[in-house]
Amino acid sequence: MKVKLLLCCCIGFTLIVLASRASDFMGWTSHTTALERFSDSRKGYSIVMNTWKRYDLLKQSISHYSRCPRLDSIHIVWSEPSPPSDSLRKFLDHIVHLNTRDGRQVELKYDINKEDSLNNRFKEIKDLRTDAVFSIDDDVIFPCSSVEFAFDVWQSASDTMVGFVPRMHRIDPVCLNLYIFSSFRESDKNHYIYGGWWSVWWTGTYSMVLSKAAFFHKKYLSLYTNEMPASIKEFITRTGLHLLHVHLNCEDIAMSFLVANATGAPPIWVEGKIFEIGSTGISTLGGHTEKRTNCVDRFVAGFGRMPLVPTSVKAVDSRNIWFW
Ligand SMILES: *[C@@H]1O[C@H](CO)[C@@H](O)[C@H](O)[C@H]1NC(C)=O
């Protein structure tokens, strides 16, 4: 009798252990349990896409991003003199409908602006359903897996800007010498230089991520609209015209300043595959760095200090790394 009782106990115990393991395992694989940790507004993200008279690119990007699983809505920032044509609207609605037949609902909205200003892309959106905004240009494509990974990173640090394109600032060495040899105390009187792709590659350090492909909290849209110094907004409207589709603009630097000023922390650079479908290649042309440097100096003056914080952290999907 005793042996049988003991055996029963053993079997019972084993079953309980197995059952708890199994439920653990189920919890792991099922996607919904992971999502239920977040409230509704944290479940998905909204795309805010800046576009300008390149309908083929717009169609291509909308068609691509509307397939991403956790996308909630797409807001197209429209600053052209004439509103989007009926045929374009029909076409885009049709694409989104085709790509969301798996029961998801992706809303497609146009935020139509009268004035052509690059500040429009950060205008407050009143009816945004998600906290997360994915700000993207119409001419860059990231695979949905990269976008969703960046979204995961953002959920761990939702005050921070999380993006794919890092840039840096550094102190102008000429002025630094001045600083050392003249006991020049105020560090904010430094001049800064904008560092592009090469500088980030060379130093492994960055202090901005560009809003051509970045996640941030929607509260920064209202902060930008309501709190950004007027001098900076005017500067951006004045210098950032859509000439020749060339981006001699600085609104992305301004956004980095705004978030860094609010958080006192650096952004997060996320690994991701980038496909440029528009190929203007302007950033390699002469004059670009000087213009961006000028913007950085302007914004330091506008904020009264340099808010950007350098870092060398890069977020990488650990499933893609083989060796630790
Ligand atoms: C920058 O930060 C300071 C200090 O926290 C704050 O007073 C100021 O309003 C911020 N500026 C903007 C434009 O948000």
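The values are calculated or read from the model by the stated rules, or taken from the named source; none is laboratory data. Given the structure is predicted, the values throughout are model-derived calculations rather than measurements. Positions of Cβ are generated from backbone atoms using ideal geometry, with glycine treated the same way; all protein chains shown enter the neighbour counts.
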Next item on the list: Determine the pairs where a residue that is modelled with pLDDT under 85, located within region 287-298, has a partner that is aliphatic (A, V, I, L, M) and in a helix (DSSP H, G or I) with Cβ atoms under 8 Å apart, the partner being 6 or more residues away or on another chain.
Entry: H288/I282
Check: Considering V106, V147, which residue is surrounded by 21 or more Cβ atoms within 10 Å (Cβ to Cβ) and within 13 Å of Y45 (Cβ to Cβ)?
Finding: V147
Next item on the list: For region 303-324, enumerate the residues that are buried (at least 18 other Cβ atoms within 10 Å of the Cβ) and within 16 Å of the ligand (Cβ to nearest atom).
Entry: F303, M306, P307, L308
Checklist line | In region 49-72, the residues that are at pLDDT 90 or above, in a loop (DSSP other than H, G, I, E, B) and in contact with a strand residue (DSSP E or B) (Cβ under 8 Å, 6 or more places away or on another chain) | finding: S66, R70
Item checked: Filtered residues of region 227-278 (kept if within 16 Å of the ligand (Cβ to nearest atom), more than 13 Å from M208 (Cβ to Cβ), assigned to a helix (DSSP H, G or I) and modelled with pLDDT under 95) -> E227, A230, S231, I232, K233, E234, F235, I236
Next item on the list: Take region 150-166 and flag every residue that is in contact (Cβ under 8 Å) with a residue 12 or more places away in the chain and surrounded by fewer than 24 Cβ atoms within 10 Å (Cβ to Cβ).
Entry: F151, V153, Q155, A157, S158, D159, T160, F164, V165
Next item on the list: Go through region 208-226 and give me each residue that's among the aliphatic types (A, V, I, L, M) and within 11 Å of the ligand (Cβ to nearest atom).
Entry: L223
Notebook entry, point to check: If V133 satisfies every condition in (1) surrounded by 17 or more Cβ atoms within 10 Å (Cβ to Cβ); (2) not in a strand (DSSP E or B); (3) not acidic (D, E) but one, which is the exception?
Noted result: (2)
